[in-house]
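The values are calculated or read from the model by the stated rules, or taken from the named source; none is laboratory data. As the structure is a prediction and not an experimental result, all values here were calculated from the model. Cβ sites come from the backbone with ideal geometry, for glycine too, and all protein chains shown count toward neighbours.
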Amino acid sequence: MSADVPLDFGRRSPQLELMDTEDCGVAEFESCLVDLAKVNRLTLAYRPTFAWLDRVVRRRKTGGPLRIVDCGSGYGDMLRKIDDWAQRRGIPVELTGIDLNPWSRTAALKATDVGRPIRWVTTDLFDYKPDQPIDIVLSSLFTHHLTDDQVVGFVKWMEATAGVGWFVNDLHRHPLPYYVFRTGARLMCWHRFVQNDGPISITRAFVPADWQRLLVRAEIPAGAAEVRRVFPYRLCVGRMK
């Protein structure tokens with residue numbers, strides 16, 4: 001955090017991240033995404049999404065492929081993990097990653113084996129027009145990049161788009177992960193974007209009361225979405241229809 005932005009974990013920080021503001025080359029952007037995937041593995045970032053998907057599959061009664069859209073898909077590591085998860089369970093899937101940054105698609109394509117049921121789309125998610133009904137909308141470490149008004153719009157979009165349900169996997173705003181990550185990222189010598197943006201991401205993230213307020217604004221019926229804390233310092237929101 002810069003010296004002129006005081007730390008206040010009582011509310012979301014407005015400070016922007018370098019990934020959202022700095023004009024860098026595709027190679028540097030890809031290097032940042034590679035290190036972010038390492039962070040995801042070390043922080044058990046995929047686990048809450050898979051736990052929720054397991055619940056969806058147990059409840060799902062219809063056949064056919066499970067169509068999943070990942071918003072803010074970045075490097076694509078979440079969808080590649082989901083493809084592995086589906087293969088182990090014999091579940092046919094059609095996976096789509098949406099990201100506004102065209103360099104995300106370049107990096108995701110490079111890291112994805114040919115023939116996997118994943119496609120990468122560069123667009124604003126609100127402009128995305130699926131050619132088939134979408135079962136599930138997911139996001140991971142995406143909503144903290146948005147303003148409150150944008151989060152409300154995103155929740156409304158997910159509610160209108162997902163036939164089976166939607167799941168947000170993001171961070172819990174708290175001083176402990178802030179200071180632990182700030183120190184750990186430097187010790188691990190991760191990309192400068194990761195070192196700078198990781199702590200900011202935590203200050204831009206949410207506490208349960210934030211999500212309850214945003215869900216009301218998005219007109220989600222009371223009790224229809226679950227806000228849940230998940231170790232270590234994840235805050236996830238899931239809605240099954």
Practice problem: Among what's in segment 123-133 and is part of a loop (DSSP other than H, G, I, E, B) and of a type in the set (Asp, Glu), pick the residue that is surrounded by the most Cβ atoms within 10 Å (Cβ to Cβ). | Solution: Asp124
Self-check item: Criterion: at pLDDT 95 or above, within 23 Å of Cys24 (Cα to Cα) and in contact with a Lys or Arg (Cβ under 6 Å, 6 or more places away or on another chain) - qualifying residue of Thr96, Thr122
Solution: Thr122
Exercise. Look through Ile136, Ile68, Ile82 and report the one residue that is outside any helix (DSSP H, G or I), over 23 Å from Ile200 (Cβ atoms) and touching a Phe, Trp or Tyr at 6+ places or on another chain (Cβ under 9 Å).
Key: Ile136
Quiz item: Do any residues in segment 14-26 that are free of Cβ contacts under 8 Å to residues at least 40 places away in the same chain have Cβ atoms under 7 Å from those of residues that are in a helix (DSSP H, G or I), where the two are at least six apart or on different chains, and which pairs are they?
Solution: none
Quiz item: Within segment 78-122, which residues are acidic (Asp, Glu) and either within 22 Å of Arg55 (Cβ to Cβ) or surrounded by fewer than 13 Cβ atoms within 10 Å (Cβ to Cβ) (or both)?
Solution: Asp83, Asp84, Glu94, Asp113
Quiz item: Just for segment 139-155: of the residues that are without any contact (Cβ under 8 Å) to a residue 24 or more places away in the chain and assigned to a helix (DSSP H, G or I), which one is farthest from Ala209 (Cα to Cα)?
Solution: Gln150
Exercise. Kindly indicate which of Phe9, Phe29 is at pLDDT 95 or above and hydrophobic (A, V, I, L, M, F, W, C).
Key: Phe9
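Okay, residues lined up against (1) touching a Phe, Trp or Tyr at 6+ places or on another chain (Cβ under 7 Å); (2) within 21 Å of Arg58 (Cα to Cα); (3) of a type in the set (S, T, N, Q); (4) buried (at least 20 other Cβ atoms within 10 Å of the Cβ):
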residue: Trp166; (1), (2), (3), (4): no, yes, no, yes
residue: His191; (1), (2), (3), (4): no, no, no, yes
residue: Gln195; (1), (2), (3), (4): no, no, yes, no
residue: Arg217; (1), (2), (3), (4): no, no, no, no
residue: Val237; (1), (2), (3), (4): yes, yes, no, yes
residue: Met240; (1), (2), (3), (4): no, yes, no, no
Practice problem: Output yes when any residue across segment 89-100 is assigned to a helix (DSSP H, G or I) and of a type in the set (Gly, Ala, Ser), and no when none is. | Solution: no
Quiz item: Of the residues that make up segment 33-48, is at least one more than 20 Å from Ala185 (Cα to Cα) and modelled with pLDDT of 95 or more?
Solution: yes
Quiz prompt | Pairs with Cβ under 7 Å, 6+ apart, first in segment 217-236 and within 15 Å of Gly165 (Cα to Cα), second polar (S, T, N, Q) and surrounded by 18 or more Cβ atoms within 10 Å (Cβ to Cβ) | solution = Cys236/Asn169
Practice problem: For Ser13, work out the one condition from (1) crowded, with 18+ Cβ neighbours inside 10 Å; (2) polar (S, T, N, Q); (3) assigned to a helix (DSSP H, G or I) it doesn't fulfil. | Solution: (3)
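Condition check: within 13 Å of the chain's Cα centre (by Cα) and β-branched (Val, Ile, Thr). Does Ile98 satisfy that?
In short, yes.
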